[in-house]
Amino acid sequence: MAGAEFIIAVDTREQEPWGFSVPVIRKKLDAGDYSNVGLEPRITVERKSVQDFLGTVIRGRDRFKQELLRLQVYDLACVVVEGNFRDLLDGRYAGGAHPHAVVGSALSIIVDYGIPVYFCSDRQASCRFVEELLTRFHRRFAECPLEVKTPPSSGAE
């Protein structure tokens, strides 16, 4: 992979992909919504709008737990929320979920699954954050051999 070109892979199921300033290809990813072409087994980013995040962690919790288990095997996996953490703390969102439940769910993802959750204020900031993250990962690991991790034998609770 020496001298590999940096291209972002966008999952084919991503309905409203971000507009990056670098080349992009659409392809099915095993987990997440964004990755680096050639490094898909090593890095993935799961994108969530605030409403999608709320729906996932409150109503779709069981399905999302399975996604989190898939994310755990990556060298770098994270959840990027297109929203402001202050808005969650203050309950400025639709749906009626209590802010403590929402914040607790975000903290569970971080602590129980070891997957960081980044609140990037809005769509543009989230896109820029992910592009920079993927760029940095590519620069550091594009020429490193792949070390495949195995999934855990039992799920985190």
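Would you confirm, using the coordinates I've provided, whether V22 is assigned to a loop (DSSP other than H, G, I, E, B) and either in contact with a Lys or Arg (Cβ under 8 Å, 6 or more places away or on another chain) or farther than 20 Å from A101 by Cα (or both)?
Yes.
Can you confirm whether R13 is open to solvent by 20 Å² or more (accessible area, probe 1.4 Å) and at pLDDT below 95? No; evaluated as a whole, the condition is false for this residue.
Return a yes/no flag: does the stretch 136-146 have any residue that is at pLDDT below 95, in contact with a Lys or Arg (Cβ under 8 Å, 6 or more places away or on another chain) and loosely packed, with under 14 Cβ neighbours inside 10 Å. Yes. Here is the figure for the stretch 55-65: residues that are without any contact (Cβ under 8 Å) to a residue 24 or more places away in the chain and open to solvent by 60 Å² or more (accessible area, probe 1.4 Å) total 3. All conditions in (1) over 25 Å from R136 (Cβ atoms); (2) open to solvent by 70 Å² or more (accessible area, probe 1.4 Å); (3) charged (D, E, K, R) hold for D52, with the sole exception of (2). Only one of the numbered conditions (1) in contact with a helix residue (DSSP H, G or I) (Cβ under 8 Å, 6 or more places away or on another chain); (2) at pLDDT below 95; (3) assigned to a helix (DSSP H, G or I) is not met by L69, and that is (2).
Could you pull out the residue among L68, L39 that is out of contact with any strand residue (DSSP E or B) (no Cβ under 8 Å at 6 or more places or on another chain), open to solvent by less than 20 Å² (accessible area, probe 1.4 Å) and under 18 Å from R13 (Cβ atoms)?
The match here is L68.
Return yes or no: is R47 assigned to a strand (DSSP E or B) and crowded, with 20+ Cβ neighbours inside 10 Å? So R47 passes the test.
Just the residues that are open to solvent by 40 Å² or more (accessible area, probe 1.4 Å) and assigned to a loop (DSSP other than H, G, I, E, B), please, taken from the stretch 25-36. Explain how you work it out, then say what you get.
Looking only at the stretch 25-36, we keep the residues that are open to solvent by 40 Å² or more (accessible area, probe 1.4 Å), and these are 25-28, 30.
The answer is K28, D30.
Looking at V57, V111, which is the one that is of a type in the set (V, I, T) and at pLDDT below 95? Spell out how you get there, then give the answer.
Working: V111 fails: at pLDDT below 95.
So the residue among V57, V111 that is of a type in the set (V, I, T) and at pLDDT below 95 is V57.
For Y74, are the conditions met, namely being under 30 Å from F6 (Cβ atoms) and assigned to a loop (DSSP other than H, G, I, E, B)? Against the criterion (under 30 Å from F6 (Cβ atoms) and assigned to a loop (DSSP other than H, G, I, E, B)), Y74 qualifies. I want to confirm something. Restricting to the stretch 121-145 and keeping residues that are among the acidic types (D, E) and not in a helix (DSSP H, G or I), which single residue is nearest to V80 (Cα to Cα)? Once the filter is applied, the top-ranked residue is D122.
The values are calculated or read from the model by the stated rules, or taken from the named source; none is laboratory data. Nothing here was measured: the structure is a model prediction, and the numbers come from that model. All Cβ positions, even for glycine, are placed from backbone atoms using ideal geometry, and neighbour counts span all protein chains on display. Each accessible area value is taken on the protein alone, full model and side chains, heavy atoms only, with ligands, DNA and RNA left out. Shrake-Rupley method; radii C 1.70, N 1.55, O 1.52, S 1.80 Å.
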